[in-house]
Amino acid sequence: MGVIEIEGLRKEYRSRGRVQAAVDGLDLVVPAGGVYGFLGPNGSGKTTTIRCMLGLVAPSAGRASVLGADAQHDLGRVIGRIGAIVETPLFFPNFSGRRNLRLLADVAGVPRTRVDKALDMVGLRARGGQRVRAYSLGMPS
């Protein structure tokens, strides 16, 4: 088993009625202790692949796992052992707002007690347990 396993990964984006494949049928296994890099021109799918591995976007087909956890459904089990910054950092859409903030607090060395205070400050404490993907730009409400 590899620490990263990708099988048949495909990610399509739709724009103006067209379907564009950003990643098309990628297979990759990174063994424990392996060091891999993505090289390629702009638009070749490097960032999209990493976003799929981190569960930040859903693949159109195929699967990705990191440390034995499925990237779309089980990443929460191992997320504390993963470090990544991908272009514009995003929140994990399948985690709650509170869990995303706790992860950020841990990385930054900020006490977790500040998470609920931050949610209070922006009027979102009651919705802190909701998945981020359910949030809207017009919150709180």
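Report the label-to-label distance for A84 and D106 in nanometres (one decimal), using points 7 Å from each Cα along the Cα→Cβ vector.
Using points 7 Å along Cα→Cβ, the separation is 1.6 nm.
Quick check on packing: order 96-105, 66-75 by the mean number of other C-beta atoms within 10 Å, highest mean leading.
Highest mean packing first, the order is 96-105, 66-75.
Please report the spacing between the Cα centers of the range 65-98 and the range 21-53 in Å, no decimals.
Computed from Cα coordinates, the inter-centre distance equals 16 Å.
Give me P(r) over the range 4-49, computed from all C-alpha to C-alpha distances, binned every 10 Å, as integer percentages.
Histogram of Cα-Cα distances, whole percents per bin: 24, 48, 22, 5, 1.
Out of the chymotrypsin sites (Phe, Trp or Tyr not before Pro) in the range 1-81, which ones are loop residues according to DSSP with at most 13 other C-beta atoms within 10 Å?
Those that pass, being in a loop and sparsely packed, are Y36, F38.
Extension gain M1-F38, at 0.36 nm per residue separation less the Cα-Cα distance, in nm?
Once the chain is fully extended between M1 and F38, it gains 11.3 nm.
Can you give me the % of accessible surface on the chain that is carbon or sulfur? Probe 1.4 Å, all protein chains present, nothing else counted. Let's see the in-between values first.
On the way: 4950 of 9120 Å².
Carbon and sulfur atoms account for 54 percent of the accessible area of the chain.
Among (1) 8.9; (2) 10.2; (3) 10.9, which one is mean projected area of the Cα convex hull in nm² computed from these coordinates?
Given (1) 8.9; (2) 10.2; (3) 10.9, the calculated one carries the label (2).
Report the full-extension gain for the segment S15 to Q72: residue separation times 0.36 nm, less the Cα-Cα distance, to one decimal in nm. Write out the running numbers ahead of the final one.
Details: separation 57, 0.36 × 57 = 20.52 nm, distance 2.36 nm.
Difference between extended and current length: 18.2 nm.
At 7 Å along Cα-to-Cβ for each site, give me the label-to-label distance between V30 and R131 in nm.
2.5
The values are calculated or read from the model by the stated rules, or taken from the named source; none is laboratory data. Note that the coordinates shown come from a computational prediction; the quantities given were computed from them, not determined experimentally. Every residue, glycine among them, receives a Cβ derived from its backbone with ideal geometry; neighbour counts consider all protein chains shown. The protein model used for the area step is the full one, side chains on, heavy atoms only, and it has no ligands, DNA or RNA in it. Shrake-Rupley method; radii C 1.70, N 1.55, O 1.52, S 1.80 Å.
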